[in-house]
Amino acid sequence: MPADQTKIPRHTGPGNAAIFDAATRERFGQLYPEQPHVLAHALGSHPLLELGSLAALAGRLPESSIEYNRGDLPIGVDGKPGATGLSIEDTIRRIASANSWAVLKNIEQDPAYEVLLLGLLGELRGEIEVRTGAMLRPHGFVFISSPDAVTPYHFDPEHNILLQVKGSKVMTQFPAGDARFAPDEVHETYHSGGARGLRWQEDFAE
């Protein structure tokens, strides 16, 4: 096994219960990684994903692994939005009324969350690796947002599996590799240390 490859278990969840059932894994295997689809899971009541647990996790993570800002943003923004005036812990605990958006990055830095992340990925490992190769360095991000919060237009350089735990969210995904939506120069800037934000154009919504 390569030195940077993570050993990923096959099961996760409280009591070692499965997060994804067989039908979900089969459908995932048919559509991953390019086709968006609904991925049913059993994480809705997981204790590590309750707001109190996430606020405590935020207090343990380094500042570089935390990002949060106002939630009432336009789809396209220029530069980093301003601070909200709340701590990250208070933002998460009061997320229902805080008008904020927050992300906890690389939750695998915390031992308990590493077990959770690697366990749920372990359940999908066979379907993932046959399509996109070995999972060498899995990373987990947790997003917490207030009602009606907007995530500004951006691109993700990784293969992502998004799991909605509470509430609902409208997602818009544009075709990967189409330079109209994510110009090549933006990708080049990102890999030189730049941001992932993209310039929004109203005709994209047509």
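The values are calculated or read from the model by the stated rules, or taken from the named source; none is laboratory data. Fair warning: this is a prediction, and the values are worked out from it, not measured in the lab. As a convention, Cβ positions derive from the backbone with ideal geometry for all residues, glycine included, and neighbour counts pool all protein chains shown.
Go over the candidates D148, D110 one by one and state the one that is among the acidic types (D, E) and at pLDDT 95 or above.
On the way: D148 fails: at pLDDT 95 or above.
The conditions single out D110.
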Problem - Breaking point among (1) under 30 Å from G122 (Cα atoms); (2) at pLDDT below 90; (3) β-branched (V, I, T), for T84 - result: (1)
Exercise for the section: Sort through H159, H154 and tell me the only one that's closer than 26 Å to E188 by Cβ, in contact (Cβ under 8 Å) with a residue 60 or more places away in the chain and surrounded by 12 or more Cβ atoms within 10 Å (Cβ to Cβ). Expected result: H159
Practice task
From (1) free of Cβ contacts under 8 Å to residues at least 40 places away in the same chain; (2) farther than 30 Å from E202 by Cβ; (3) not in a helix (DSSP H, G or I), pick out the condition that doesn't hold for S97.
Solution key: (1)
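Among what's in the range 100-128 and is acidic (D, E) and in a helix (DSSP H, G or I), pick the residue that is surrounded by the fewest Cβ atoms within 10 Å (Cβ to Cβ). Step through it out loud before you land on a result.
The initial filter retains those residues of the range 100-128 that are acidic (D, E), namely 108, 110, 114, 123, 127.
Still in the running and in a helix (DSSP H, G or I): 108, 114, 123, 127.
Working: E108: 18, E114: 16, E123: 23, E127: 19.
Looking at residues that are acidic (D, E) and in a helix (DSSP H, G or I), I get E114.
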Exercise for the section: Name, by its number, the condition in (1) modelled with pLDDT of 95 or more; (2) not in a loop (DSSP other than H, G, I, E, B) that does not hold for A42. Expected result: (2)
Handout entry: Which listed residue, of E188, E158, is of a type in the set (D, E, K, R) and outside any loop (DSSP other than H, G, I, E, B)
Key = E188
Exercise for the section: Taking R131 as the residue in question, decide whether it is among the basic types (K, R) and touching a Lys or Arg at 6+ places or on another chain (Cβ under 9 Å). Expected result: no
Practice task
Report, by residue number, each residue of the range 25-60 that is within 16 Å of L121 (Cα to Cα) and among the acidic types (D, E).
Solution key: E26
Practice task
Tally the residues that are more than 14 Å from P152 (Cα to Cα) and of a type in the set (F, W, Y), restricting the search to the range 181-203.
Solution key: 1
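Considering I8, I19, I92, which residue is modelled with pLDDT of 95 or more, more than 26 Å from Y190 (Cβ to Cβ), in a loop (DSSP other than H, G, I, E, B) and of a type in the set (A, V, I, L, M, F, W, C)? Outline the logic, then answer.
Details: I8 fails: modelled with pLDDT of 95 or more; I92 fails: in a loop (DSSP other than H, G, I, E, B).
Exactly one residue qualifies, and that residue is I19.
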